[in-house]
Structures are given as C-alpha cells and as structure tokens.
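The values are calculated or read from the model by the stated rules, or taken from the named source; none is laboratory data. The structure displayed is predicted, hence computed values, not measured ones. Please note: Cβ atoms are built from the backbone with ideal geometry, for glycine as well, and neighbour counts cover all protein chains shown.
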Amino acid sequence: MSSVLEQTVTLHRPRQAAPASPAARWSVDAIEALFNLPFPELMHQAQTVHRAHFDPTRVEFATLLSVKTGGCAEDCGYCPQAARFDTGVEATKLMEPDEVRLAAQRAKDAGATRFCMGAAWRAPKDRDIEKVAELVRTVKALGLETCATLGMLEDGHAETLQSAGLDYYNHNLDSAPDFYGDIITTRDYQDRLDTLARVRSAGVKVCCGGIVGMGETRRQRAGLVAELANLTPYPESVPINNLVKVEGTPLADQADLDPFEFVRTIAVARITMPKARVRLSAGRQQMGDAVQALCFLAGANSIFYGDKLLTTGNPDTGADVALLERLGMTRSAPEAQP
Ligand code: SAM
Ligand code: DTB
Ligand code: SF4
C-alpha cells in the first residue's frame, strides 16, 4: 500500500496530461478519468487552466430572446417547443426588427454584452434567413455581440448571416453519440456536425455545447465533452445546460442529476477547452447560489442573463448582479468589436 505522502504527491501531479498538440484528440477514456478524479483535484486542475487564460473573477452576460417560439416539428425529448408535446407553449411568428431592437437595448442597458436570438425551427428557409439577417443587423448596430440559434443551416445561410454581422452561431451536439438516439429521432448527429462545419467555414464563431441530466451515464457525459473538445478548432463558446424538466415533455420526470456531477462537467469542459467561454446555461434557477458559485470556481465564465431563457425561467437580473457582488466578482467588459 502506498504511504499518505505518496498518495498526496500523486494527487498533486496532473494525472491526465492534455493532448500534445491542438490536432491530438481527447479520448473518452482520458475525459472519463478526469471525471473520476477526487473533487478537490479536479477543481484544482480546472482552476489552474482557467487562470492561465482568463481572469477568474469576470463573468460574461449573454441575454437570450426567443424570436420565434414553439410549433417545432422536431422531437427533441427535452424541449418545450416541440409541437408534438403538450407543454402549453404557444407558437408565435418571427418577431419584427423594432420589437427585437427594444429587447436588445434593454439587455444592453441591463449590462449584457452578447445577445442571442433563438428560433424554434428544424431548419430555416432562405426567406427566414433574410429576415433573421435583418434582426442581426439591428442588434449589431447597438454595439452588442450577436448570436443566433435557428436549427440546421443549408449552404449559403451562414455566409448571409456572417455578412449581416453575426458573431456566433449556437448549435448544440446535446449529448454523446451513443445516447443521442434516446433523446432525438428526427435528425441525426451527423446533421449537427454538418451545420457546425458550415458555420465554421463561413467565418462565424461556434457556440456548441449540450445538456446533462437527461439520464445519461458519466461515460456518456465524457463522450459529449470528447466530441466538443475534438472539434477542430473546439468551439469558442460552450454552453453546458442542466436539463430543465418541463411538464408535457418525455423528460419531465427525469431524476435530478447530482449537482456535483454538474460541477464536474463544467470543470472537465474547462480543462479540455481551455480558451472557450464555458457558459453555465439552463438550469440555474433550480440550482441555488452555492452550486453556481462552485461552477464559477470550476471554470464557468459566462451565464445567460435575463428573467427568461427561451420559454422557461431564469434568475432575475438583480439576483445575478447580487450573487456576483457577494462573490467579489464582476461581469466581463464588452469584447472589442471589429
Ligand atoms: N431549434 C434550434 C435547435 O434545436 O438548434 C434552436 C433552439 S434550441 C431550443 C437550443 C438548445 O436549447 C437545444 O439544443 C438544447 O441544448 C437547449 N434546450 C432546449 N430545451 C432545454 C431544456 N428543457 N433544458 C435544457 N436545455 C434545453
Ligand atoms: C443553449 O445551449 N441553451 C439555451 C440557448 N443555447 C439557446 C436555451 C435553453 C433553453 C431552455 C428551455 C427553454 O427556456 O425553453
Ligand atoms: Fe425544435 Fe430546437 Fe426544440 Fe429541437 S431543440 S424541438 S429543434 S426548437
């Protein structure tokens, strides 16, 4: 048996070295081994990586707006906006630029630096893209960073959005490839990867993450992080969502994920994608302040800021400002706009 000293020394030595070059791939085994580390060791590694690239006291505020809600043809098992689930979400048409301008101005006045527009589409049509491009121009003119999440893109769509001033496109892989089919059947993993490739080649930055707490195993959480970290390059923004259980969806009665497992997921995302904005995304309202603080310590440096996510609740802005203040933290300053 090893001595206490030997055990301590082992614990303080990183057990899982990062891949040698950016092109090297993270194996699921290596990522699962990070998940399996003792919590203090995992947190230490995550904080070391975080501090090498970011000021750990700063958090980005990104505000979401659902510009086209509900009525979606897809069957994503977590989603309140799928038409086939009876969730009480009413379908709306795409919002007009004036309405979006007002919401974006309010978000900016409240301290947001990024504004993300979500639409419940399987895939936008050419004319939808033209209309969203107008919304992007409107938001960009206010001096905010722009992001959109509209579903699968066809050739040329990402280029049109890029020309309008889109900074980021959000399209999540959502889960590990070997769990994905349990949650979504109407589009496959490769469709998602194809959209991400189109976004990347148009010169739009990639925002891509997933959801945990859907009944996946720890190895499958490692599988999701491996897919994200092995994208070349890895996404600039990585939203980690904790499932929001919505009545009427197939996942409404899913058992809660251990909060420490959520914190571990944030830490592992931070270690494997050192320069990404790791966003503590959906699920904060159900999480409590202490778990959120642990997520910041694990390397999360972005939140969705505003009373609503797309259709479900989010902590109110005053509570978020107060939480950061209690922690001696502040929001990130806007990044330089080109
Ligand atoms: N329809 C587009 C799509 O699927 O790409 C864009 C909007 S969709 C609502 C954006 C993301 O929100 C999903 O990929 C999923 O990760 C997240 N999301 C949706 N419902 C959620 C829930 N109940 N809990 C946590 N995250 C959720
Ligand atoms: C992301 O990863 N999470 C956000 C955003 N990207 C679009 C959406 C969360 C949605 C939570 C459920 C709802 O409010 O409808
Ligand atoms: Fe539709 Fe997106 Fe919801 Fe899936 S996640 S049902 S594609 S809105």
Legend entry - Any pair with Cβ under 6 angstrom, 6 or more apart, that starts in the range 85-98 at a residue that is under 25 Å from residue 245 (Cα atoms) and ends at one that is hydrophobic (A, V, I, L, M, F, W, C) and assigned to a loop (DSSP other than H, G, I, E, B): 87/246
Inset, instruction - Quickly run through the range 148-160 and pick out the residues that are buried (at least 19 other Cβ atoms within 10 Å of the Cβ) and more than 16 Å from ligand 2 (Cβ to nearest atom). - result: 157, 158
Inset, instruction - Could you run through the range 54-83 and say how many residues are farther than 20 Å from residue 327 by Cα and exposed (fewer than 15 other Cβ atoms within 10 Å of the Cβ)? - result: 1
Legend entry - Selection from the range 115-126 of residues that are surrounded by fewer than 24 Cβ atoms within 10 Å (Cβ to Cβ) and more than 18 Å from residue 71 (Cα to Cα): 126
Legend entry - Residues that are under 20 Å from the mean Cα position of the chain (by Cα) and either polar (S, T, N, Q) or assigned to a loop (DSSP other than H, G, I, E, B) (or both), drawn from the range 92-145: 111, 112, 113, 120, 121, 122, 123, 144
Legend entry - Residue in the range 111-125 that is more than 12 Å from ligand 3 (Cβ to nearest atom), modelled with pLDDT under 95 and out of contact with any Gly (no Cβ under 9 Å at 6 or more places or on another chain) present: yes
Inset, instruction - Quick one: count up the residues across the range 302-336 that are surrounded by fewer than 19 Cβ atoms within 10 Å (Cβ to Cβ), under 18 Å from the mean Cα position of the chain (by Cα) and assigned to a strand (DSSP E or B). - result: 3
Legend entry - Among the residues listed as 32, 90, the single one being at negative phi, charged (D, E, K, R) and surrounded by fewer than 14 Cβ atoms within 10 Å (Cβ to Cβ): 90
Legend entry - Matching option when the condition is among the basic types (Lys, Arg), closer than 30 Å to residue 221 by Cα and at pLDDT 95 or above, among 101, 192: 192
Inset, instruction - Go through 276, 267, 300 for me and flag whichever is of a type in the set (A, V, I, L, M, F, W, C), away from ligand 1 (no atom under 15 Å from the Cβ), more than 14 Å from residue 237 (Cα to Cα) and in contact (Cβ under 8 Å) with a residue 24 or more places away in the chain. - result: 267
Legend entry - Criterion: of a type outside the set (Ser, Thr, Tyr), at pLDDT 95 or above and crowded, with 17+ Cβ neighbours inside 10 Å - qualifying residue of 130, 145, 134: 145
Inset, instruction - Could you check, for the range 187-194, whether at least one of its residues is in contact with an Asp or Glu (Cβ under 9 Å, 6 or more places away or on another chain) and under 22 Å from residue 67 (Cα atoms)? - result: yes
Inset, instruction - Report whether or not residue 153 is outside any strand (DSSP E or B), out of contact with any strand residue (DSSP E or B) (no Cβ under 7 Å at 6 or more places or on another chain) and not acidic (Asp, Glu). - result: yes
